[in-house]
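Read the structure below first, then the notes.
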Amino acid sequence: MITFQSDGVAQPDIDKKRVSEWIVAVARSYGKRTGAIGYRFVDDENILAVNRQFLGHDYYTDIITFDYCHADVVSGDMVISLDTVRTNAEQFVASFDTSRFRSAYDQELHRVIIHGILHLCGLNDKGPGEREQMEAAENRALDMF
């Protein structure tokens, strides 16, 4: 089951059914099944509090992924800052091909949504060369939308 909740922000205008089917398809492309996956959309201050409390980090971020995967079942909770998604979309709008999306913000939101799933599928983005691999995986996933 895939759920979408908002905490202190308006629920983003996404097609939950289509996004859920997309998440299942992306996970399947990595040989994974989907279990319980929860998205919580928040503002910058809320994600900063989560980052401090659970990770000991004192900075804003677009997504925090909590991994509850077991064997080939992808499960987890994702906290997404819509403020940071909006800022990133504005900053990188020129590099986006938004032909399949309503706006740069819409594409960036979908990129962040699938970024968390890719982490749950085993991809990382902190080590040497991993960021490039993650971006390529995000682009492949966006092409599947």
For residue 77, net neighbour charge (Lys/Arg +1, Asp/Glu -1) across residues whose Cβ lies under 14 Å away: -1
Antiparallel bridge percentage (DSSP; both residues within region 2-144; nearest 5): 30 percent
For Kirkwood radius over Cα pairs in Å, calculated from these coordinates, the label among (i) 16.1; (ii) 22.0; (iii) 15.4: (iii)
Computed magnitude of the charge dipole of the chain (debye, nearest 20; Cβ of K, R +1, Cβ of D, E -1): 560 debye
Computed over the chain: relative contact order in percent, which uses C-alpha pairs under 8 Å that are six or more apart: 22 percent
Label-point gap, in nm, between residue 123 and residue 66 - each point 7 angstrom along Cα→Cβ: 2.4 nm
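A short reminder: the numbers here are calculations on the coordinates, not readings from a lab. Computed from a prediction, not measured in an experiment: that's the story for all the values here. For neighbour counting, all protein chains shown are included, and Cβ atoms are generated from backbone atoms with ideal geometry for every residue, glycine included.
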